[in-house]
Amino acid sequence: MLGRRAAVFGACALCGCSGAVHRLPGVGAGQLGLASTEIAAGALPARRAVTDGEVLATLRAAQARLLGPATGVCREIGAGTCEWRFRATGDRSMNASAMGDGLIVVNRGIVEYARSEDEVAFVLAHEMAHHAADHVRRAGRNTTVGAALGGLLLGGLAAAAGASSVAGDAAQAGMRAGAGIGRLSFSKEQEREADYIAAVMLHRAGYDLRKARGFLVTMARASTRRETGMLDTHPAGPERLAAYDRAVAEVLASDGRLPARA
Ligand SMILES: [Zn+2]
């Protein structure tokens, strides 16, 4: 795994595409230590039992609430695509991914491990942010995207505005048909930037940023037993949690402004 990640970083460095669009706050040793202690202190995360209907309802609710504010943030950034398409899969691993032309794939496992809609919204916003900051196109040159995605298309702008809907049976069949997620590796800077932008989107959508961070803690704890596929595309640990906390402090202080450009 380390070797593969190093190879991706190497490729990105060559094409100069691994950086962030914005200036991001630094993380001190003290903050890193606190985050490590917090992660180590809690129990390993457990799945909740959820029906297919609940999974879809949660994803759709988060998508609908985020869409307007996130589109505004995306247009302010003015770098990548703001026309997202959401696809849910029945895969039970804790994973989500941004790929292709505005496509966001979310596994059932995200909702199973999330303890609130705020946490699910954080995952969606993080993937939307990868598109908004143009990380996907920049990383895409080094990527092989999964060929067959059988999951349900949750719909883009039109669907969220109520222009289309999917019948329950078809939706559930789509969930079960979900296939694997493509491998797309972003740089550490891009991951931190996606978390920062996600915090801005969540704040403007009225989500609780402190509740949302629960998913970063869950991912970090899950990583100790290497159960999450999320780690392949979204390395999680004390550093990411501490950086998120710095971002949240800035977002709350500025009432939801984007950071200065890099
Ligand atoms: Zn990411």
Completion exercise
So the carbon and sulfur contribution to the accessible area of the range 42-111, 1.4 Å probe, in percent, is 51
Practice task
May I ask you to list the residues of the range 197-218 whose amide nitrogen lies under 11 Å from a point 7 Å from Cα along the Cα→beta-carbon direction of Leu252?
Solution key: 209-211
Fill in the blank from the handout: With all protein chains in place and a 1.4 Å probe, Val21 shows an accessible area in Å² (nearest 10) of 20
Exercise for the section: Express in Å², to the nearest 10, the accessible area of Thr224 obtained by rolling a 1.4 Å probe over the protein heavy atoms while all chains stay in place. Expected result: 100
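The values are calculated or read from the model by the stated rules, or taken from the named source; none is laboratory data. Here the structure is a predicted model, which means the values were calculated and not measured. With ideal geometry, Cβ positions are generated from the backbone for all residues, glycine too; neighbour counts draw on all protein chains shown. Surface areas here come from the heavy atoms of the whole protein model, side chains and all, with no ligands, DNA or RNA. Shrake-Rupley method; radii C 1.70, N 1.55, O 1.52, S 1.80 Å.
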